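Asks: The structure is given below, and queries will be raised subsequently.
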Amino acid sequence: MKIYADNAATTPVCRAAINAMQTCLNQNYGNPSSIHEAGRLAADVVSSARRKIARIINAHADEIYFTSGGTEADYWAINIAAEIGAKKNKRHIISTAFEHPAVLKSLDRLKKRGFEITLLPVHGDGIVRADDLLSVIRDDTALVSLMYANNEIGTVQPVSLFAKLCNNRGVLFHTDAVQAAGAVPIDVRNQFIDMLSLSAHKFHGPKGTGALFCRQGIPVTALAEGGAQEHGKRAGTENVPGIAGMAAALEQSCRNMNVNNAIIMSMRDRLIDALGGIEGSKLNGHEKHRLPGIVNFSFEGIQAEALLHLLDMAGICASAGSACASGSQDSSHVLLALGLTHEIAKSSLRLSLSAYNTPEEMEYIIQTLPPIIKRLRDMPPVYDNN
Ligand code: PLP
């Protein structure tokens, strides 16, 4: 049996996205900036995708800026806020210790430019608290950036509450919704969100396409100059097939969200029940406040790297945390932020599901995992100098 259980890393592309992209590649190959018919047809594809995505998150079409993915959207959002802040002499930014590196690295860069960065602690259940925000927010805070849902443990954060508190204080609020989009409903207006990052390949769209929502009235710093694309703020010929695929995938994921989530959650809960019964196992992250599809367990006394290889040999694609961190010897910063020791953090397995998985696959995982864990625990220890 071949099982793909690494949907937080990336998802299979859905039929609706493939069809939309194929139409672009075969027929709408014009450059959207050209004034002739082929150009106009391609421009229509981009406008229609922009409107679709805007409608789904309750934004206006001119508030959507297409990007090359979630990393670029995060980087851009943080830069926009920093530029606005610097002009008003507000150089304090609040985020959290378990953000994606796309956010954390952008903040590191700003620190070198003289910004003060406060990272809120993450509690043992993988959730941040509004009280912690209230104790550090200041008059010179330019931005609060809080991820909608964590990519390694799947916990969903109190985004609406944080955004409302920021709104009351006149502080910009950004959320990295890369893992949440398509899995939970998002309404930027009613949730008081100023900026939001999306990535198509996490909801069955193509890789290399994403979007930044930036609320009207926020002055947007250009990411690249040299063309009128993306409201003049991100020059470069648009990735028309990618954009069309992204809109089709988001539309499809949101249309089927309730039905799919019920199926995905029942598979996830079956895994949580069964894997929780393995001796020395621990579920990471809150049991309820989590995305439908992400399960993260630590298994005392094993090395995740070795576990992943044996699972791969048994036909199961899983992950030890974020795909970006795989292959590195470092413990996951997310799990360390939760208070796990290095040893336990390095023994963690992430299984992430989508509607393409089946209950039979869950049973296979449940049967396959315990003997592999036993085998690893029975092996003589490998000494780790970290
Ligand atoms: N933010 C989160 C929470 C993610 O999980 C990811 C991808 O793993 C990203 C940002 C980066 O998105 P992309 O791969 O589209 O650059």
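The values are calculated or read from the model by the stated rules, or taken from the named source; none is laboratory data. Please read these numbers as outputs of a predicted model, since none were measured by experiment. Ideal geometry is used to build each Cβ from the backbone, glycine not excepted, and the neighbour counts take in all protein chains shown.
Asks: Here are some residues: Val188, Val178. Which one is farther than 16 Å from Ala81 by Cβ and touching a residue at least 60 places away in the same chain (Cβ under 8 Å)?
Replies: Working: Val188 fails: farther than 16 Å from Ala81 by Cβ.
Val178 is the lone residue from the list that is farther than 16 Å from Ala81 by Cβ and touching a residue at least 60 places away in the same chain (Cβ under 8 Å).
Asks: I've got another one for you. Within segment 318-327, can one find any residue that is under 30 Å from Leu250 (Cα atoms), in a loop (DSSP other than H, G, I, E, B) and at pLDDT 95 or above?
Replies: Scanning segment 318-327 turns up at least one residue that is under 30 Å from Leu250 (Cα atoms), in a loop (DSSP other than H, G, I, E, B) and at pLDDT 95 or above.
Asks: Closer than 28 Å to Ser253 by Cα, modelled with pLDDT of 95 or more and surrounded by 19 or more Cβ atoms within 10 Å (Cβ to Cβ): which single residue out of Phe115, Phe98 fits that description?
Replies: Phe98
Asks: Would you call Ala183 closer than 24 Å to Asn26 by Cα, in the same structural domain as Ile56 (by TED's automatic domain parsing), at pLDDT 95 or above and buried (at least 24 other Cβ atoms within 10 Å of the Cβ)?
Replies: So Ala183 fails the test.
Asks: Can you name every residue in segment 167-180 that is buried (at least 24 other Cβ atoms within 10 Å of the Cβ) and in a loop (DSSP other than H, G, I, E, B)?
Replies: Val171, Ala177, Val178, Gln179, Ala180
Asks: Still on this structure, please answer the following. Among the residues of segment 199-207, is any surrounded by 24 or more Cβ atoms within 10 Å (Cβ to Cβ), assigned to a loop (DSSP other than H, G, I, E, B) and without any contact (Cβ under 8 Å) to a residue 60 or more places away in the chain? Spell out the reasoning first.
Replies: Taking segment 199-207 and keeping what is surrounded by 24 or more Cβ atoms within 10 Å (Cβ to Cβ), we get 199-205.
The next check asks that each one be assigned to a loop (DSSP other than H, G, I, E, B); those that pass are 203-205.
If we keep only those that are without any contact (Cβ under 8 Å) to a residue 60 or more places away in the chain as well, we get none.
No, segment 199-207 contains no residue that is surrounded by 24 or more Cβ atoms within 10 Å (Cβ to Cβ), assigned to a loop (DSSP other than H, G, I, E, B) and without any contact (Cβ under 8 Å) to a residue 60 or more places away in the chain.
Asks: Conditions first: (1) farther than 30 Å from Phe297 by Cα; (2) surrounded by fewer than 19 Cβ atoms within 10 Å (Cβ to Cβ). Thr10 passes all but one, so which condition is the exception?
Replies: Here Thr10 clears every test but (1).
Asks: Being crowded, with 19+ Cβ neighbours inside 10 Å and away from the ligand (no atom under 15 Å from the Cβ) is the filter; apply it to segment 66-91 and report the residue that is nearest to Thr221 (Cα to Cα). Can you show your working first?
Replies: Here is the first cut: in segment 66-91, the ones crowded, with 19+ Cβ neighbours inside 10 Å are 66-67, 69-78, 80-82, 85, 90.
Narrowing the set further to residues that are away from the ligand (no atom under 15 Å from the Cβ) leaves 80-82, 85, 90.
Working: Ile80: 5, Ala81: 9, Ala82: 10, Gly85: 12, Lys90: 17 Å.
Out of the qualifying residues, it is Ile80.
Asks: Then there's this: What are the residues in segment 160-194 that are under 16 Å from Val128 (Cβ atoms) and either within 13 Å of the ligand (Cβ to nearest atom) or of a type in the set (D, E, K, R) (or both), if any?
Replies: Passing the criteria: Lys164, His174, Thr175, Asp176, Ala177, Gln179, Ala180.
Asks: Note down all Cβ pairs under 6 Å where the first residue falls in segment 213-239 and is surrounded by 13 or more Cβ atoms within 10 Å (Cβ to Cβ), the second is part of a loop (DSSP other than H, G, I, E, B) and of a type in the set (Lys, Arg), and they're at least six residues apart or on different chains.
Replies: Within 6 Å, the pairs are Val220/Lys233; Ala222/Lys233.
Asks: Just checking, which of Asn26, Asn19 is within 28 Å of Ser352 (Cα to Cα), more than 16 Å from the ligand (Cβ to nearest atom) and polar (S, T, N, Q)? Steps first, answer last, please.
Replies: On the way: Asn26 fails: within 28 Å of Ser352 (Cα to Cα).
Result of the check over Asn26, Asn19: Asn19.
Asks: For segment 17-34, what are the residues that are part of a loop (DSSP other than H, G, I, E, B), surrounded by 13 or more Cβ atoms within 10 Å (Cβ to Cβ) and of a type in the set (S, T, N, Q)?
Replies: Answer for segment 17-34, where residues must be part of a loop (DSSP other than H, G, I, E, B), surrounded by 13 or more Cβ atoms within 10 Å (Cβ to Cβ) and of a type in the set (S, T, N, Q): Asn28, Asn31, Ser33, Ser34.
Asks: Given (1) out of contact with any Cys (no Cβ under 8 Å at 6 or more places or on another chain); (2) more than 30 Å from Leu110 (Cα to Cα); (3) in a helix (DSSP H, G or I), identify the lone condition not met by Ala54.
Replies: (2)
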